[in-house]
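What follows is one structure encoded as structure tokens, with my remarks underneath.
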Amino acid sequence: MDFAFTPKQTELQQWVRQIAEEKIAPIAEEADESPTVHAGLMAILANEGLLRYCVPEEYGGAGVRVMDLCIIREELARVSCQADTNFIMQGLGSYPITLGGTHEQKAKYLPAIARGESIAAFALTEPHAGSDVISMKTEAKLDGDDWILNGSKKFISQAGDASTYTVFAQTEPGQGSRGISVFVVEAGTPGFDDSKRMDLMAAHPIGEPRWDDCHVPQGNLLGERGRGLRLAMGTLDTFRTTVAAAAIGMAQAAYEATIDFAKNRQMFGQTLADFQATQFKLADMAVNLDAARLLAQRSAWLKDSGQESVIKEASFAKLFGTEAASRIINEAVQIHGGAGLERGNRVERLYREVRALTIYEGTSEIQRQTIARQILNN
């Protein structure tokens, strides 16, 4: 097994880091405290061609490879959490189209998403159906040439700013996993309201879209009727590893800020870094960071190498990466002391931002359950 970076991947990492540090960093604080998609940030991602990595080559993209996504997410999250969100939502929101769409559907939606002219959203979670996806209440009923959607979603990133939503709904009530279908719904469609925003502990472009007798053309159904859950799981299984990469980027930022602070903070006639207690914390942070990165890279390498399923490996990466990042950032705040609590301090913002990562795209508890099932079924 060799999942070291290829020369092309190393070049990608260096290129994204340069973009992040030179172009994104100057507006990162403003963007990361914005509850809506930051237009300037989105323009940078689009103009630099980063969004192309979320779309297949034949539709104007650079190809969807998990290792590339991980490299980009880590470098973006190290500088700006919204940059990371804006980037990956183009992939998450469009991947059901990539997996299940017809050539006509892909040609209509994917090129604009790759260019950043269209903002994508992935509408799966509901107020009472997060981890328990099958319990969703949003319904779609066929009426002549249209599907009529009724229901609501919650915790939908980029809702209110997105122009293209992949929406999951019950089309065969009572059929469980075979009763869910997925549709492309465009912003502005009559009966579709995406204006309700949510206010989280860390600023994030997120909302609660709803559909009231919203007519969606039959041609906007993705894949086969009743096979939407397969597209949802296929999308999440592809992108789950990249959540770990985002967490690693955030943890890397906290780690770097903490080393700098510890080396320069004078107390009791020496620097904070001279104390053994500080050194032990930094050592643990470094080990956790390296282990998390290796788990993520292994999962990405296996997926890109053609392994049929990386469910277990992706859950390993997501579980350990997000929880390790939480530990690292918590210690970063502790080492900073009072300075780490001050609003606007980098580690203070990271402390608020990292909390969501152990919850979205499968909580830590769901990851443990998934891992256990994979172990016991072998």
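Could you list, in sequence order, all residues of the range 30-63 that are of a type outside the set (D, E, K, R) and within 20 Å of GLY207 (Cβ to Cβ)? Lay out the reasoning, then the answer.
Taking the range 30-63 first, the residues of a type outside the set (D, E, K, R) are 31, 34-47, 49-51, 53-56, 59-63.
ALA31, SER34, PRO35, THR36, VAL37, HIS38, ALA39, LEU41, MET42, listed by residue number.
Would you call LYS318 buried (at least 21 other Cβ atoms within 10 Å of the Cβ) and among the basic types (Lys, Arg)?
Working: buried (at least 21 other Cβ atoms within 10 Å of the Cβ): yes; among the basic types (Lys, Arg): yes.
Answer is yes for this residue.
Any idea which of LYS153, LYS141, LYS108 is touching a strand residue (DSSP E or B) at 6+ places or on another chain (Cβ under 9 Å), buried (at least 21 other Cβ atoms within 10 Å of the Cβ) and among the charged types (D, E, K, R)?
Details: LYS141 fails: buried (at least 21 other Cβ atoms within 10 Å of the Cβ); LYS108 fails: buried (at least 21 other Cβ atoms within 10 Å of the Cβ).
Among LYS153, LYS141, LYS108, only LYS153 is touching a strand residue (DSSP E or B) at 6+ places or on another chain (Cβ under 9 Å), buried (at least 21 other Cβ atoms within 10 Å of the Cβ) and among the charged types (D, E, K, R).
Restricting to the range 283-295, give me the number of residues that are buried (at least 19 other Cβ atoms within 10 Å of the Cβ) and within 26 Å of ASP260 (Cα to Cα).
First pass over the range 283-295, keeping only residues buried (at least 19 other Cβ atoms within 10 Å of the Cβ): 285, 288-289, 292-293, 295.
Filter again for within 26 Å of ASP260 (Cα to Cα), leaving 285, 288-289, 292-293.
Residues flagged as buried (at least 19 other Cβ atoms within 10 Å of the Cβ) and within 26 Å of ASP260 (Cα to Cα) within the range 283-295 amount to 5.
Among what's in the range 212-236 and is buried (at least 17 other Cβ atoms within 10 Å of the Cβ) and either in a helix (DSSP H, G or I) or among the hydroxyl-bearing types (Ser, Thr, Tyr) (or both), pick the residue that is farthest from the chain's Cα centre (by Cα).
ASN220
What number of residues within the range 316-372 are under 13 Å from ALA202 (Cβ atoms) and touching a Phe, Trp or Tyr at 6+ places or on another chain (Cβ under 8 Å)?
Total meeting the criteria: 2.
Starting from the range 221-244, take each residue that is farther than 17 Å from LEU357 by Cβ and assigned by TED's automatic domain parsing to the domain that holds THR370 and list its partners that are surrounded by 18 or more Cβ atoms within 10 Å (Cβ to Cβ) and of a type in the set (Asp, Glu), counting only C-beta distances under 8 angstrom and pairs at least six apart or across chains.
none
Does the range 297-306 include one or more residues that are of a type outside the set (Asp, Glu) and surrounded by fewer than 16 Cβ atoms within 10 Å (Cβ to Cβ)? Step through it out loud before you land on a result.
Narrowing the range 297-306 to residues of a type outside the set (Asp, Glu): 297-303, 305-306.
Among the residues that remain, those that are also surrounded by fewer than 16 Cβ atoms within 10 Å (Cβ to Cβ) are: 305-306.
For the range 297-306, residues of a type outside the set (Asp, Glu) and surrounded by fewer than 16 Cβ atoms within 10 Å (Cβ to Cβ): present.
Every residue in the range 179-203 that is under 22 Å from the mean Cα position of the chain (by Cα), modelled with pLDDT under 95 and surrounded by 18 or more Cβ atoms within 10 Å (Cβ to Cβ), please.
ALA203
When the residues of the range 1-29 are narrowed to those that are over 20 Å from the mean Cα position of the chain (by Cα) and among the charged types (D, E, K, R), which ends up surrounded by the most Cβ atoms within 10 Å (Cβ to Cβ)?
LYS23
HIS336 versus (1) free of Cβ contacts under 8 Å to residues at least 24 places away in the same chain; (2) more than 23 Å from the chain's Cα centre (by Cα): which is the lone unmet condition?
(1)
Considering only helices (runs of 4 or more DSSP H) fully contained in the range 260-378, which possess at least 3 residues that are over 30 Å from GLU33 (Cα atoms) and not acidic (Asp, Glu)?
On the way: elements: 276-304, 311-336, 346-354, 364-377.
It comes to 276-304, 311-336, 364-377.
The values are calculated or read from the model by the stated rules, or taken from the named source; none is laboratory data. All figures in this text were calculated on a predicted structure; none of them were measured in a lab. Because the Cβ atoms are built from the backbone with ideal geometry, glycine has one as well, and the counts that use them run over all protein chains shown.
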